[in-house]
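One structure below.
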Amino acid sequence: MSDSVLTARIEHQVGALALNVAFELTQPWTVLFGPSGSGKTTVLRAIAGFVQPDTGRILRGTSVLVDREAGVFVPAHERPVRSAGQTARLFPHMTVRQNVLYGGGWPSKPDEVMRIAEEVVALFRLQELTGRMPRELSGGERERVSTARAVVSATTFAGPGSALLLMDEPFSGLDSAMRDDLLAELRDWVMRWKIPVLSVTHDVGEAFQLGAEVIKIAHGRVAAQGPVSQVLAEERRRLMEQLRVG
């Protein structure tokens, strides 16, 4: 994927944090890496359309999503962007299956959307939960349902091109074994469907497992961008030392 997936310049005051970042996404999967409070979630919310930055410009390919100087701000529901956040926001009156299907596109191909939804349900290990209501699920199960819905919506995106999938640590409530399995299968899925991904993590192991491009953020600034083996080499060395000591 050599063409630009997204170009962003975002300046925004968040409490005491002065966020000021500029970057371009060109790879199939990019990870925003940094400690809590560094501005990662705000970046995702600005791209999704949930936050209007104080100044800046965001382009999805050649389409302008935000241009504060020109007065352009495309509403979240009109953007070619799908997202899953840290908090699973499910419709309480809908079953798991109905929640997963809610964001499906391709209105002229309902059978195809249903087939894809069933595949994603299996990918996220939700087959035994499809008839349950959100109140009957654990926190980790709700996270999986929310992320599955975003994946179905991105896969069946009806607009020109593909939707950008944003994920803000949606697997934080899962045990490491399940998280690793889901990440591996999800990586294969988005590569198959050519869905570009921008995800947030502060987990070094997760970033290396994905083998993704990494944008390292610190104190509201981009500290480095490049292959994970280069950008997070020092973090990996420290982690390996801690494991040896432990």
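The values are calculated or read from the model by the stated rules, or taken from the named source; none is laboratory data. None of the values given here were measured: they were computed from a predicted structure. Cβ sites come from the backbone with ideal geometry, for glycine too, and all protein chains shown count toward neighbours. Side chains are part of the model used for accessible areas, which takes the heavy atoms of the whole protein and leaves out ligands, DNA and RNA. Shrake-Rupley method; radii C 1.70, N 1.55, O 1.52, S 1.80 Å.
Quick rundown of the values:
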quantity: Which label in [x] 12.5; [y] 14.2; [z] 16.0 gives the computed mean projected area of the Cα convex hull in nm²; calculated: [y]
quantity: Surface share of carbon and sulfur [accessible, 1.4 angstrom probe, percent] for the chain; calculated: 50 percent
quantity: Net charge contributed by nearby residues that have their C-beta within less than 13 Å of Leu44 (K/R +1, D/E -1); calculated: +2
quantity: Surface/4 estimate of mean projected area, convex hull on alpha-carbon atoms of segment 201-243, nm²; calculated: 3.0 nm²
quantity: Hz values of 3J(HN,Hα) by residue in segment 131-146 - Karplus curve (6.51, -1.76, 1.60), Gly and Pro given as x; calculated: x, 7, 8, x, 5, 8, 9, 7, x, x, 5, 5, 4, 5, 5, 4
quantity: Overall form of segment 1-128 per C-alpha gyration tensor (a/c, 1.5; a/b vs b/c); calculated: prolate
quantity: Solvent-accessible area of Trp106 with every protein chain in place, 1.4 Å probe, in Å² to the nearest 10; calculated: 50 Å²
quantity: Using a Förster distance of 25 Å, the FRET efficiency for Asp203-Glu234 (Cβ separation, nearest 0.05); calculated: 0.95
quantity: Most to least accessible of His77, His93 (protein chains only, probe 1.4 Å); calculated: His77, His93
quantity: Rg over Rh [alpha-carbon atoms, Kirkwood Rh] for segment 113-216; calculated: 0.95
quantity: Separation in nanometres of the label points that stand 7 Å from Cα toward Cβ, at Asp3 and Asp188; calculated: 2.8 nm
quantity: Accessible surface ranking that places the most exposed of His219, His202 first, with a 1.4 angstrom probe; calculated: His219, His202
quantity: Under 5 Å, built H, 5+ apart or other chain: amide partners of Ala84; calculated: Leu166, Met167, Asp168
quantity: DSSP-defined beta bridges in the chain - what % are antiparallel, rounded to 5; calculated: 60 percent
quantity: Within the chain, helix-based [θ] at 222 nm, where runs of 4 or more DSSP H residues each add -39,500 (n - 2.57), nearest 500; calculated: -11000 deg cm²/dmol
quantity: Per-residue ³J(HN,Hα) for segment 152-158, Karplus 6.51 cos²θ - 1.76 cosθ + 1.60, θ = phi - 60°, Hz, x for Gly and Pro; calculated: 4, 5, 5, 5, 9, 4, 9
quantity: Rg/Rh (Cα only; Kirkwood hydrodynamic radius) as it applies to segment 61-150; calculated: 1.07
